Amino acid sequence: MEKLRVVLRTLTPVHTGDVDRRSREVQVSGIRGSIRWWYEALVRGMGGYACDPTGPDSCRFDYHAYRVRGEVDEGLRDVCPACRTFGCTGWKSKFHMRITDVTGKVGDIRLDRPGMTFVVEFLPVKEISQEETWLLSKAMWLICEYGSLGGRTTLKPPKFKDLGLVELVEPMRSEATKEDVEWWLGKGIDASESIAGRLSRMPPEHPDLRYFFFNRGRWLDAKSMNELVAVDPSGFMRGKIGESKKVFSFSRGRRFWGYTSGEEMLSSVLEKLLQMGIKGTVTGKEVIDEL
Ligand SMILES: [Zn+2]
């Protein structure tokens, strides 16, 4: 099985760990978690189902179903696409992730400064389908073009600004098309009552790319951020105590992005941004159309 790789360059420091906030050591798990987060948002945005791996409705491999005929697919029937790729209870991830330098060396790669070129390698331990490769490749593209890469996207430490901007140097190749992937995601829902049921009662707080907003020409200072999140009376965008706001702004990259819990909140955000004189914001739906 061929390894998948994507080459990136840091535009700002990348926050890769919670213990060592100076990011001296590359912590693969933080980057992996961030990629998974965008992958899940993309799957949901395309109408597929991705569970919250930390929530009560998370997937597990059905070992009993698997045992009957020894078919892996039977055990995976109720497992969402994100868990199939990244793993869940009873099912190991399909790949081992490595961060290397451009020569393929794993070692002292410093991502705590701009201008560092590095490689994210996905070494398959199980067959990764073309649809999964497409989703991984587009998740990486989204992170670079519109979003950011971080140890914990939703818990950004307040002292450090402008973390996680990366540039795509060499994208990951994929042979599937968007139509293939949409069909494949739909098939997974049709094949499983559990998935169809969990999709129908999915909490709106689960990040869904359709309800994201992105701006690649402006950034928001603290005052503008507060003004923006105030349009949401539910407090979702402001974040609970210990959580960050659902808006992320990067003065250096002149970029901001954020997410809402649905159509209505998204409309309020877009309206407010225009009132604030901020143009050029695109929605996740528009970004999905670009894929
Ligand atoms: Zn899942």
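Comparison of ASP52, ASP57 shows that the only residue that is at pLDDT 90 or above, part of a loop (DSSP other than H, G, I, E, B), within 16 Å of the ligand (Cβ to nearest atom) and within 13 Å of the chain's Cα centre (by Cα) is ASP52.
Figure legend. Inter-residue proximity from the range 80-97: first residues in the same structural domain as LEU123 (by TED's automatic domain parsing), second residues near the ligand (Cβ under 9 Å from one of its atoms) and of a type in the set (A, V, I, L, M), beta-carbon distance below 7 Å, spacing 6+ or different chains. Indicated pairs: CYS80/ALA50; CYS80/ILE195; PRO81/ALA50; ALA82/ALA50; CYS88/VAL79; TRP91/VAL79. Scanning the range 70-101 for residues that are farther than 28 Å from VAL181 by Cβ and either within 16 Å of the ligand (Cβ to nearest atom) or surrounded by fewer than 12 Cβ atoms within 10 Å (Cβ to Cβ) (or both) turns up just one, GLY70. All told, SER249 meets the bar of being in contact with a Phe, Trp or Tyr (Cβ under 9 Å, 6 or more places away or on another chain) and surrounded by 14 or more Cβ atoms within 10 Å (Cβ to Cβ). For the range 113-128, the tally of residues that are β-branched (Val, Ile, Thr), in a strand (DSSP E or B) and surrounded by fewer than 18 Cβ atoms within 10 Å (Cβ to Cβ) stands at 1. Every test in (1) at pLDDT 95 or above; (2) within 16 Å of the ligand (Cβ to nearest atom); (3) on the phi < 0 side of the Ramachandran plot is passed by GLY33 save one, and that test is (1).
The values are calculated or read from the model by the stated rules, or taken from the named source; none is laboratory data. Please read these numbers as outputs of a predicted model, since none were measured by experiment. Methodologically, a virtual Cβ is constructed for each residue, glycine included, from the backbone with ideal geometry; neighbour enumeration extends over all protein chains shown.
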